[in-house]
Amino acid sequence: MSAIRRKFGEDYQVVNTNRGIAFSAPVKRKRQRFVEKNGRCNVQHGNLGGETSRYISDLFTTLVDLKWRWNLLIFILTYTVAWLVMASMWWVIAYIRGDLSHGGHDSSYTPCVANVYNFPSAFLFFIETEATIGYGHRYITEKCPEGIILFLFQSLLGSIVDAFLIGCMFIKMSQPKKRAETLMFSQDAVISQRDGRLCLMFRVGNLRNSHMVSAQIRCKLIKSRQTPEGEFLPLDQCELDVGFGTGADQLFLVSPLTICHEINPKSPFFDLSQHSLVNEQFEIVVILEGIVETTGMTCQARTSYTEDEVLWGHRFLPVMSLEEGFFRVDYSQFHNTFEVPTPPHSVKEQEEKSSLTSSIALPAAPTPSSPLLGNGARGGQRERLLSADFVDSTENQASRLPRKLQRMSSSKEEFWKGLKSGTPLPGGKASSTGDLPLSIQRLRSSSIPVSRQGQLEEQVQLLSLDGNADEFEVEKHRLPAAVSAIIAPNPTPIPNSLVRSRPDDNLPAKLRKMNVDR
């Protein structure tokens, strides 16, 4: 026990499931099985009526299927009756011919069978003839044609009886049912998790060194149910998948194997939980088939597990150990299990809970930001002056924005329209060029020719209204090259040919000097 706890941890408790030892699980009332633990089907056929003649038509199989005591009784009775009948026939022939009256003392008389003068002597003659012993004292003479015909009939009948009865005995002795006695099933089935999935498991083993060729295992769930149409099926059979699709049902039965049935939405145990297992009534029939390696005959071993033989939250103890040069199987731990942490809920409840949790934990979809806003977080710190051309080109894009963003875009459009027309904007501020610095007004009105003034007026001029030079430089690098050239600190001088010859005597000296330099 201490070695097992060191191997599997202190949280695991070893449970001996031997039926000879008291078990801590609640004992349920024993109910009728469909298949016994030894594989015998607990079904009896009654009220056959005239169908019993079918057993006589298949007499050989009937004799093989009989129990050994009945088989031996039939064997002894058949030979005893045959010997008595044939001996009586030889005695009748001797009696009819008058061989019994002479008593074998008249040397001139030729009997049918020499030295047969009573029933015991006739019986001994038959046994000597049938067993081909031939002591030589009793023999058939040539003066008895009826004795020759009876001898031929005796030889044929004896061969048929010998072949029939000895063949039945040989088949019964070599019957693969006895090979099934050395195929071992665990006394209980367990339900626990394997590879993160809830599984129903049981263990099979082979006690002999000879292998089972092409061993295959199948499972049937026998449970009463009622169809939606109201039909009651008392012993409905349902297939349990133990790896038919993956080939796991094909066994290489050299060492004990644990057969696993995964409980999924296709399994009949999909809604089975630890609590509902107590109230369920079902039976799992396990069928193991294979070819006996020594005889080549097909062998089938069966067992069954009822609901009180299914342990929730248990796992089988390992029985394999590595010795020096070989693997050793300890069959004393074949039926033992130990407890493991297992969710008490059914797979259906677990899937519903996980789907509900995943639907709640879904993140909200991010709201896409508008490309017209740019750095919208800093929109309250400064305003941007865009040209009317850029505003006109973005009217179609602004119509696809939400209403709040459309109102923001429309307010900017009104600003640019006011900038071009000189109309006041909301808030009482004028959008004419008179609000700009005097040097910019001069540059727009006098330094730019009339022919190019309309074109240059459409260029984008971005001014920093909050006086932050760093932000102004950042925004400048984001503008096109044509816009950056206008608002650069050192703009390219405008050729003198483009400057209008206009008297500026009324301007201050500082502005006149600035115009001359430009």
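What the table shows:
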quantity: Spatial separation of Cα centroids for the range 257-330 and the range 112-184, in angstrom; calculated: 51 Å
quantity: Mean separation of Cα contacts under 8 Å (6+ apart) over length of the range 62-175, as relative contact order %; calculated: 28 percent
quantity: Highest-first arrangement of 75-84, 42-51, where packing means the average Cβ count within 10 Å; calculated: 75-84, 42-51
quantity: Stretch gain in nm, segment E349-F60, where the contour uses 0.36 nm per residue and the Cα spacing is subtracted; calculated: 98.5 nm
quantity: Heavy atoms of F164: accessible area, 1.4 Å probe, square angstrom to 10; calculated: 70 Å²
quantity: Cα→Cβ-extended label distance, 7 Å offset, between Q193 and L207, nm; calculated: 3.7 nm
quantity: M297 accessible area, 1.4 Å probe, all protein chains in place, Å² to nearest 10; calculated: 60 Å²
quantity: Exposure rank, largest accessible area first [L157, L251; 1.4 Å]; calculated: L157, L251
quantity: Protein accessible area in the range 62-175, 1.4 Å probe - carbon and sulfur %; calculated: 72 percent
quantity: Inter-site label distance for V278 and R69 at 7 Å from Cα along Cβ, in nm; calculated: 4.4 nm
quantity: At R0 = 22 Å, FRET efficiency that the Cβ-Cβ distance of D271 and T246 yields, to 0.05; calculated: 0.35
quantity: Whole-percent pair-distance distribution, where bins are 5 Å wide, for the alpha carbons of the range 42-196; calculated: 1, 7, 13, 14, 11, 9, 8, 8, 7, 6, 4, 3, 2, 2, 1, 1, 1, 1, 0, 0, 0
quantity: Separation of the S332 and L235 label points, Cα + 7 Å toward Cβ, nm; calculated: 4.0 nm
quantity: Gained length - T110 relative to T294, 0.36 nm times residue gap less alpha-carbon distance; calculated: 60.5 nm
quantity: Rg/Rh (Cα only; Kirkwood hydrodynamic radius) as it applies to the range 292-339; calculated: 1.12
quantity: For the range 178-351, accessible area per residue (1.4 Å probe, heavy atoms of protein chains only), Å²; calculated: 52 Å²
quantity: Two-site FRET efficiency, Q32 against V85, from Cβ-Cβ distance with R₀ of 56 Å, rounded to 0.05; calculated: 0.75
quantity: Cβ crowding within 10 Å averaged over residues, with 324-330, 202-208 ranked highest first; calculated: 202-208, 324-330
quantity: Solvent-accessible area of C41 with every protein chain in place, 1.4 Å probe, in Å² to the nearest 10; calculated: 60 Å²
quantity: Difference of contour (0.36 nm per residue) and Cα-Cα distance, T227 to E128; calculated: 28.7 nm
quantity: Isotropically averaged projected area of the range 178-351, using the convex hull of Cα atoms (one quarter of hull area), nm²; calculated: 12.1 nm²
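The values are calculated or read from the model by the stated rules, or taken from the named source; none is laboratory data. Computed from a prediction, not measured in an experiment: that's the story for all the values here. For neighbour counting, all protein chains shown are included, and Cβ atoms are generated from backbone atoms with ideal geometry for every residue, glycine included. Just the protein is used for accessible areas: all its heavy atoms, side chains included, with ligands, DNA and RNA removed. Shrake-Rupley method; radii C 1.70, N 1.55, O 1.52, S 1.80 Å.
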